[in-house]
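J.: Quick one: this structure, given as structure tokens, is what I'll be asking you about.
The values are calculated or read from the model by the stated rules, or taken from the named source; none is laboratory data. All figures in this text were calculated on a predicted structure; none of them were measured in a lab. Reconstructed Cβ throughout: ideal geometry from the backbone, glycine too, with neighbour counts over all protein chains shown.
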Amino acid sequence: MTEAFSSSARFYALRLEPGTDVLAAVQDFVAARALGAVAIVTVVGSLTDAVIRYANQPEGTLRQGHFEIVSMVGTVEPTGAHVHLSLSDGTGAMFGGHMMPGCLVYTTAEIVLAHLQDFSFVRVPCAKSGYDELAVHKLS
């Protein structure tokens, strides 16, 4: 584990309307305000379209229907995001994975974000994973 730091936070609450692309809306919100380090605190709502990249798969899978958002967690910065999403269908069956663009709101998405004011997040290449991974920078 690398060194851990603490930060003060400012919270934002927003509601997304039907048809909104959830990931794009969150990323646009963060970028428009130049929030350097954001954590998704909580999300409730529903989707009609869910694009999920399942574990160890190269592409996202589109599922359409009516889905409840059970959990949505992740980190966001003005130039990127790493978000995971868990959903349930009308029978209560759950599925989830890496959230991709194209997840569209059905009735609502109520989102609380925490801007970690003392940090800056960036994504840097990781030789071990092969992906761009989170680097946390403490602001002076």
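J.: More than 29 Å from Val124 (Cβ to Cβ), part of a loop (DSSP other than H, G, I, E, B) and modelled with pLDDT of 95 or more: is that true of Gly92 in this structure? Full working, then the answer.
T.: Numbers: more than 29 Å from Val124 (Cβ to Cβ): yes; part of a loop (DSSP other than H, G, I, E, B): yes; modelled with pLDDT of 95 or more: yes.
Spelling it out, Gly92 is indeed more than 29 Å from Val124 (Cβ to Cβ), part of a loop (DSSP other than H, G, I, E, B) and modelled with pLDDT of 95 or more.
J.: Quick check on region 71-82. Is at least one of its residues surrounded by fewer than 16 Cβ atoms within 10 Å (Cβ to Cβ), of a type in the set (Asp, Glu), closer than 28 Å to Ser8 by Cα and within 15 Å of the chain's Cα centre (by Cα)?
T.: no
J.: So if I check each of Val83, Val124, which one is under 21 Å from Val22 (Cα atoms) and part of a strand (DSSP E or B)? Lay out the reasoning, then the answer.
T.: Details: Val124 fails: under 21 Å from Val22 (Cα atoms).
Going through Val83, Val124 in turn, just one is under 21 Å from Val22 (Cα atoms) and part of a strand (DSSP E or B): Val83.
J.: Does region 1-40 hold any residues that are assigned to a strand (DSSP E or B) and among the hydrophobic types (A, V, I, L, M, F, W, C), and which are they? Can you show your working first?
T.: Applying the first criterion (assigned to a strand (DSSP E or B)) to region 1-40 yields 9-16, 21, 38-40.
Selection gives Ala9, Phe11, Ala13, Leu14, Leu16, Val38, Ala39, Ile40.
J.: Among the residues that make up region 123-136, is at least one of them modelled with pLDDT of 95 or more and either buried (at least 19 other Cβ atoms within 10 Å of the Cβ) or over 23 Å from Tyr12 (Cα atoms) (or both)?
T.: First, pick out the residues of region 123-136 that are modelled with pLDDT of 95 or more: none.
No, because not a single residue in region 123-136 is modelled with pLDDT of 95 or more and either buried (at least 19 other Cβ atoms within 10 Å of the Cβ) or over 23 Å from Tyr12 (Cα atoms) (or both).
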